[in-house]
Amino acid sequence: MEEHTNQKPLGITDDIPKNKKRNTFGVSLSYGRVFSEMRDAHKATTQRLEKTMKVMAIGTLKPLSPEQRQQYLPKEVPATLQLYLDGKMEQFWLRDKEVGVIFLMSVESVDEADRLLKGLPLGRANLMTFDLMPIGPLLPLGMLMKAK
């Protein structure tokens, strides 16, 4: 027959004061500091997003020789993907008949979009040009909402 006591089983960290508990790596946790850092990171991200705008970049590719394709395209793709990973390019499409590309960019200005695109290998070689259009919400739709 089991003997019951009012004592609870001793846990691994029960003997450590609550303000000195450590995680599995032996590092003291300061939850206030963690939450403060998370709040600051969120605030910085929000401020960055408030400063950004959308730009539709419609690129036109000049005809490339087979040698130019071999020279530039292996460099163009990783450079474009880096802009995506940096949060500067949200979406991209290939135009019909491979005449160019369309990029939806998230940048601080049209000038920034222009600078980034001219920095790509095909842009530096003047083999792709872009028409840049700032875009945003269709604000007049708000009038329809007020008409209710």
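The values are calculated or read from the model by the stated rules, or taken from the named source; none is laboratory data. This is a predicted model, so every value here is computed, not measured. Reconstructed Cβ throughout: ideal geometry from the backbone, glycine too, with neighbour counts over all protein chains shown.
Identify the single condition in (1) among the charged types (D, E, K, R); (2) farther than 28 Å from LYS51 by Cβ; (3) under 23 Å from the mean Cα position of the chain (by Cα) that LYS97 does not satisfy, given that it satisfies every other one.
(3)
Going by the conditions given, is LYS62 farther than 16 Å from PRO121 by Cβ and of a type outside the set (A, V, I, L, M)?
It is false that LYS62 is farther than 16 Å from PRO121 by Cβ and of a type outside the set (A, V, I, L, M).
Just to be sure, is PHE103 modelled with pLDDT under 95 and within 18 Å of the chain's Cα centre (by Cα)?
Against the criterion (modelled with pLDDT under 95 and within 18 Å of the chain's Cα centre (by Cα)), PHE103 does not qualify.
Of everything in the stretch 88-131, what is surrounded by 12 or more Cβ atoms within 10 Å (Cβ to Cβ), part of a helix (DSSP H, G or I) and of a type outside the set (A, V, I, L, M)? Give them in sequence order.
Once the filter is applied, which keeps residues that are surrounded by 12 or more Cβ atoms within 10 Å (Cβ to Cβ), part of a helix (DSSP H, G or I) and of a type outside the set (A, V, I, L, M), the stretch 88-131 yields GLU112, ASP114, ARG115, LYS118, PRO121, GLY123, ARG124.
Considering each of GLU98, GLU90 in turn, give the residue that is at pLDDT below 95 and either within 16 Å of ILE58 (Cβ to Cβ) or touching a Pro at 6+ places or on another chain (Cβ under 7 Å) (or both).
Answer to the check: GLU98.
Report, by residue number, each residue of the stretch 106-129 that is more than 12 Å from LEU83 (Cβ to Cβ) and more than 22 Å from the chain's Cα centre (by Cα).
Once the filter is applied, which keeps residues that are more than 12 Å from LEU83 (Cβ to Cβ) and more than 22 Å from the chain's Cα centre (by Cα), the stretch 106-129 yields LEU122, ARG124, ALA125, ASN126, LEU127, MET128, THR129.
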